[in-house]
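Chemist: The structure's right below; bear with me while I get my questions together.
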Amino acid sequence: MLPLMHDFTDETVLVFGGGPVGARKARRFDREADVIVVSPDFADRGFGDAERVRAAPDAAAAADWIGRTRPALVVAATDDAALNEAIADAARDQGALVNRTDVDGDREMGSVVVPATVRDGPVTVAVATGGTSPALSKHLRERFETEFAGVGELAAVTGELRTELKARGVSPTERRDAIRAAVRSRRVWKALDSPGGNTRQVVTDVIDEHTGDLS
């Protein structure tokens, strides 16, 4: 499967299933999309800001829900494999992406795997194992959070300085080499790890060594 980023602004994510998995999926998307969860029962846990609809749709009713809400993504998270398959078929028939939570490994056309995700400012890192080992995905996500804390600040600083270099007329090759040196610099990473490390100044110093005074 090819990883892509998808903007869910003003989109709908339709979740079938109100168990722990459905709740987790609802929480995962409710910051980016309008989420609707359809289920006869709901787990005693948070669903974020998702709209919960108490209903027990069969295959035909599920297809009707998809047609009426026109979701960008349909999550089939019920405990009925046959119903999940019917939901997935209806989603594909109506042009929606589908995340079927009871399937591991190989998936059908139009399927989506929701990765373990870390966000730090403008940086997003996603880890997926094709659904085969959610525990490993979670472990890798936690390691990234610990080992690369502060990368959002580094991305923001180098982005700003890259713009300044461009405004000064620094050539694309020189800009690329200077920014590459900064993000690979041990001094920069040490500053990120140190409270009050003044990351921007350290990055600026490293860039200055490659391009001249940016201060």
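The values are calculated or read from the model by the stated rules, or taken from the named source; none is laboratory data. Since we're looking at a predicted model, the values are computed, not measured. Every residue, glycine among them, receives a Cβ derived from its backbone with ideal geometry; neighbour counts consider all protein chains shown. These area figures cover heavy atoms from the full protein model, side chains too; ligands, DNA and RNA do not enter into them. Shrake-Rupley method; radii C 1.70, N 1.55, O 1.52, S 1.80 Å.
Chemist: What is the sum of charges around ASP79, taking Lys and Arg as +1, Asp and Glu as -1, for the other residues whose C-beta is under 12 Å from the C-beta of ASP79?
Modeler: -3
Chemist: Separate question: Going Cα to Cα from LYS25, which lysines come in below 26 Å? Please leave out same-chain ones fewer than 8 positions away.
Modeler: Those lysines meeting the cut-off are LYS138.
Chemist: Counting Lys and Arg as +1 and Asp and Glu as -1, what is the net charge of the other residues whose Cβ lies under 15 Å from the Cβ of ASN198?
Modeler: -2
Chemist: Let me ask something else about it. Rounded to the nearest 500, what is the chain's calculated 222 nm mean residue ellipticity when only DSSP H runs of at least 4 contribute -39500 (n - 2.57) each, over all residues?
Modeler: The helix contribution divided over the chain gives -14500 deg cm²/dmol.
Chemist: Order of 9-22, 58-71 by packing, highest average Cβ count within 10 Å first?
Modeler: Highest mean packing first, the order is 9-22, 58-71.
Chemist: So what's the angle, to the nearest 10 degrees on a 0 to 90 scale, between helix 199-211 and the longest Cα principal axis of the chain?
Modeler: Here the helix axis deviates by roughly 60 degrees.
Chemist: What fraction of the DSSP beta bridges in the chain is antiparallel, stated in percent and rounded to the nearest 5?
Modeler: 20 percent
Chemist: So, one more: Quick one: which residues, 5 or more positions from VAL37 or on another chain, have an amide H under 5 Å from its amide H? H modelled 1.01 Å from N in the peptide plane, none for Pro or chain starts.
Modeler: Close amide H contacts, sequence-distant or interchain: VAL15, GLU51, ARG52, VAL53.
Chemist: While we're looking at this one, here's another question. By how many degrees, between 0 and 90 and to the nearest 10, does the Cα long axis of helix 134-147 differ from the longest principal axis of the chain?
Modeler: Relative to the chain, helix 134-147 is tipped by roughly 20 degrees.
Chemist: Within 15 Å, Cβ to Cβ, of PRO20, how many net charges do the neighbouring residues add up to if Lys/Arg are +1 and Asp/Glu are -1?
Modeler: +3
Chemist: Can you send over the carbon and sulfur percentage of the accessible area for the chain, probe radius 1.4 Å, protein chains only?
Modeler: 49 percent
Chemist: With θ set to phi - 60° and the Karplus curve 6.51 cos²θ - 1.76 cosθ + 1.60, what are the ³J(HN,Hα) couplings of region 28-43 in order, to the nearest whole Hz, using x for Gly and Pro?
Modeler: Going residue by residue, I get 5, 9, 6, 7, 10, 9, 7, 10, 10, 10, 10, 6, x, 9, 10, 4 Hz, with x marking Gly and Pro.
Chemist: Something else about it: Could you please put PHE29, PHE148 in sequence from largest to smallest accessible area, using a 1.4 Å probe?
Modeler: From most accessible down to least: PHE148, PHE29.
Chemist: What whole-number value in cubic angstrom gives the convex hull volume per residue for the C-alpha atoms of the chain?
Modeler: In the chain, the Cα convex hull volume per residue is 155 Å³.
Chemist: Still on this structure: Between VAL125 and ASP64, what is the spin-label point distance in nm, taking each point 7 Å from the Cα along the Cα→C-beta axis?
Modeler: 4.7 nm
Chemist: May I pose another question? Give the accessible surface of region 78-215 per residue, rounded to a whole number of Å², with probe radius 1.4 Å and ligands, DNA and RNA excluded.
Modeler: 59 Å²
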